[in-house]
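Comments concern the structure below.
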Amino acid sequence: MITRVWIEPGCIVCKLCEETCPEVFDVTPTDCVVRPDADLTRAERIKHATEECPVSVIRFEEGP
């Protein structure tokens with residue numbers, strides 16, 4: 001189960017994460033943020049967005 005998601009500095013605002021998992025990521029004109037109401041039950045989509053990120057700035061933690 002994913003317990004936390006964050007984005008490290010360096011996002012290039014490509015919008016791939018939001019296209020892959022809009023329930024978690026919100027891309028603005030200048031940045032990408034994790035939505036305050038992020039649906040962390042979307043583990044597979046979060047992991048897919050992490051893998052797709054061209055600058056590898058999406059991070060997540062898993063817990064029990």
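All of the numbers you see were taken from the coordinates with simple rules; none came from a lab. This is a predicted model, so every value here is computed, not measured. Using ideal geometry, Cβ is built from the backbone for each residue, glycine included, and neighbour counts are taken over all protein chains shown.
See the values below:
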{"quantity": "Estimated dipole of the range 2-62 in Debye, rounded to 20 [Cβ of Lys and Arg +1, of Asp and Glu -1, Cα centre]", "calculated": "60"}
{"quantity": "Tilt relative to the chain, helix 43-52 - C-alpha long axis, 0 to 90 degrees, to 10", "calculated": "30"}
{"quantity": "Stretchable slack from E61 to R35, in nm (0.36 nm times residue separation minus alpha-carbon distance)", "calculated": "7.8 nm"}
{"quantity": "Ellipsoid semi-axes in whole angstrom, largest first, where each is sqrt(5λ) of the Cα gyration tensor of the range 1-45", "calculated": "18, 11, 9"}
{"quantity": "Low-density loop cleavage sites - trypsin sites (Lys or Arg not before Pro) in the range 1-48, where at most 14 other Cβ are within 10 Å (DSSP)", "calculated": "K15"}
